[in-house]
1. Do you know which of the residues in segment 139-159 that are out of contact with any helix residue (DSSP H, G or I) (no Cβ under 7 Å at 6 or more places or on another chain) and part of a helix (DSSP H, G or I) is farthest from residue 210 (Cα to Cα)?
2. Could you tell me whether residue 56 is part of a helix (DSSP H, G or I), modelled with pLDDT of 90 or more and within 14 Å of residue 110 (Cα to Cα)?
């Protein structure tokens, strides 16, 4: 019985990741999991209940994965005590971690894809995703950027942080097109290292440009 439930969760994670909630039918889910259609009702209730279970699993997985990054967590938790150079180093580590999470194993990539879809088209289950994953991450990025560029304006740091985060997600959201263009079937370790170096270099350029000339400053 547990095996049937696990099959449904695995199938649902893959299909919700690829097609989203609305475009995934219960019949297709049952076929993918190779179980009876009635099993969805028996184990979860309806499609939304199954989706909620998948989101809970995704949130728990990402939190557990993050918890294993002890040094990274320590760096981020102490951001308020850091100088600009230390904050920049912590930001670099964050970038590397997110790229590994979004583009590494299929399991973690599916999790990030589901979160991305939930963020762009929120369902009734979005509150936990926002409270436990999105908001803490946004706050951490904003705090790091504020320390690096030397401003306490949360709106400005939020815009800068969002610009940086956009670079991190595009390699997941545009994965298939990018890999096809690059002539690859998947992201390999060497290619991921190149992506990290490029994103970090671009991030440094964004931050340096901001410190040199604040684009939010009133023009004379």
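1. That would be 139.
2. yes
Okay, residues lined up against (1) under 16 Å from residue 91 (Cβ atoms); (2) surrounded by fewer than 19 Cβ atoms within 10 Å (Cβ to Cβ); (3) under 21 Å from the mean Cα position of the chain (by Cα); (4) at pLDDT 85 or above:
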{"site": "150", "(1), (2), (3), (4)": "yes, yes, no, yes"}
{"site": "162", "(1), (2), (3), (4)": "yes, yes, yes, yes"}
{"site": "168", "(1), (2), (3), (4)": "yes, no, yes, no"}
{"site": "183", "(1), (2), (3), (4)": "no, yes, no, yes"}
{"site": "204", "(1), (2), (3), (4)": "yes, yes, yes, yes"}
{"site": "209", "(1), (2), (3), (4)": "yes, yes, no, yes"}
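The values are calculated or read from the model by the stated rules, or taken from the named source; none is laboratory data. What you see is a predicted model; the values in this text were computed from it and never measured. In this analysis, Cβ positions are derived from the backbone assuming ideal geometry, glycine residues included, and neighbour counts consider all displayed protein chains.
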